[in-house]
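Taking it in order: structure first as C-alpha cells, then the write-up.
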Amino acid sequence: MMPHPDFLPETPIMHVNKHFALSSELISELLLEMRLRGVQYRRLQTGSEFGVGFSHRPGHAYFHYIAVGTAVLRTREGTLHELKAGSMVFMPQGEEHQLLSDVSCSFQHIDTLGSAPLGEAVSGINTCPSSHPTPSTVLFYGCMAFDLGGMQGLGKLMPQAIVVEANEQIYPGLVPILGAMKFEICSGRAGFAGILARLAEVAAAMIVRGWIEHGSENAAGLIAALRDPRLARAILAIHRDTGREWSVAELAAQSHVSRSVFAERFKSIIGIPPQRYAREVRMRIASHWIIHDKISIDTVALRLGYASQAAFSRAFKRINGYPPGAMRQRPASGVNTVNE
C-alpha cells in the first residue's frame, strides 16, 4: 500500500545559483502573459538647462534612454539618479518623476511642451535654444501600458526605478539594443521613430526578465516562490493550465513534496493558499482577455473550462467582487491584481 501523501518525505532542496533558482522554461512561460504596449513616445532635444515632469500613471510604465548628454532623474520621494549617455531607466509602477539638467531647475509637464509628429504615437520635442548649434541632451521617452497578466503581483515588488548603464553586466543582451537606439535617435533615418518604439518595448521586456532573474536578495512573495524549485514547478503548472481546477494534492505532486508541506510553504511565501492563487491567476487572465483582447464572456468561460457562462460569472464575482460584464465599463488599469 502506498503511504499517504502527508507522510511522504520532502524532496531535498536542489543546489542552484544563489541569485536564480528558476528555470528558463518557467521564465518564458510567465513572460508570455506580459503585455507592454507603447501609448506615447517622444524624442527630446534640449539645451544646457531643462526640466521635464511626468505624472503618475497607474497601470503604465515609463522608459527613458539618454542618447547624448546627461540628466538627473528625481523620483516622487526625492531620490536622485545621475544619468549619462547610454543610461536607460525603466519605471514599472508609472510613478511621478522629473528629468532635469540640474536639481535646482524648474520643470514643465511633458504634455505642455510643443511637439511635432515623427510617426505613429511618436513625436519630437525640441527645447534647444536657437543660439545653440547642437543640443546638449538628446533622449527618448516612452509611456507604456504595462500588464504582467497572472504575474501582476510582481509589479508591487519591483523597484520604483531601474537604472541600467550601457555596459551593465546583469543585462548583457541590452547592449546591442541600446546601441541600436542611439544610432536611430542620432541618425534620423527614414522610419527611425517606429524602430525606436519597437526597440524601447524590447528593452523594457528584457529589463523585466532580468529583474526576475537577478532581483533583490531580500525577495518576498511571488519572487521568492519562483526561486524555490519546489514551488516553481507548481506555479508553472498553474500558468500552463489555467482552465484546470487544481487541488492542493495535485499541485503538491507537481512539486514532489507532501501535501501538508506544500500547502504550508506556499501560503507562508505567497501569502494566500495555493487554490486561491490559482483562481486569482485564472480570473486575472480572464480580465485581460475581456479588457484587452475583447473576447466575449462566453468564449472566456469556455476557454477556462467552465460548464456555463453563469458558472464562470459566479466564480469571477467571488474573486473580483463584481461580475465579468462590468469589466466592459472599467478602465484597464482598474483590473484587480493577484495578491501577494
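The values are calculated or read from the model by the stated rules, or taken from the named source; none is laboratory data. From a predicted model like this one, the values you see are computed outputs, not experimental measurements. All Cβ positions, even for glycine, are placed from backbone atoms using ideal geometry, and neighbour counts span all protein chains on display. Only protein heavy atoms, including side chains, enter the accessible area calculation; ligands, DNA and RNA are left aside. Shrake-Rupley method; radii C 1.70, N 1.55, O 1.52, S 1.80 Å.
Can you tell me which residue is farthest from the chain's Cα centre (by Cα) among those in the range 80-101 that are more than 24 Å from V175 (Cβ to Cβ) and open to solvent by 70 Å² or more (accessible area, probe 1.4 Å)?
Quick first cut of the range 80-101, residues more than 24 Å from V175 (Cβ to Cβ) only: 80, 93-98, 100-101.
Within this subset, residues satisfying the condition of being open to solvent by 70 Å² or more (accessible area, probe 1.4 Å) are 80, 96.
Values: L80: 22, E96: 17 Å.
Ranking the candidates gives L80 first.
Any residue in the range 245-263 that is basic (K, R), over 21 Å from I212 (Cα atoms) and modelled with pLDDT under 90? Scanning the range 245-263, I find no residue that is basic (K, R), over 21 Å from I212 (Cα atoms) and modelled with pLDDT under 90, so the answer is no. Taken over the range 105-119, the criterion of being open to solvent by 90 Å² or more (accessible area, probe 1.4 Å) and touching a helix residue (DSSP H, G or I) at 6+ places or on another chain (Cβ under 9 Å) is satisfied by P117 alone.
Per the conditions (1) open to solvent by 50 Å² or more (accessible area, probe 1.4 Å); (2) among the β-branched types (V, I, T); (3) out of contact with any Asp or Glu (no Cβ under 8 Å at 6 or more places or on another chain), the sole criterion not satisfied by I66 is (1). Pairing residues of the range 316-328 that are among the aromatic types (F, W, Y) with residues that are at pLDDT below 85, at Cβ distances under 9 Å and at least 6 apart in sequence or on separate chains, gives F316/S287; F316/M327; Y322/R330. Every listed requirement among (1) more than 25 Å from A180 (Cα to Cα); (2) at pLDDT 95 or above is met by P129 save one, (2). For the range 243-272, a residue qualifies if it is within 25 Å of G305 (Cβ to Cβ), polar (S, T, N, Q) and open to solvent by 70 Å² or more (accessible area, probe 1.4 Å), and exactly one does: Q254.
Total residues in the range 159-204 satisfying the condition of being open to solvent by less than 20 Å² (accessible area, probe 1.4 Å) and within 15 Å of F140 (Cα to Cα): the figure is 10. When S123 is tested against (1) hydroxyl-bearing (S, T, Y); (2) in contact (Cβ under 8 Å) with a residue 40 or more places away in the chain; (3) loosely packed, with under 11 Cβ neighbours inside 10 Å, only condition (3) is not met.
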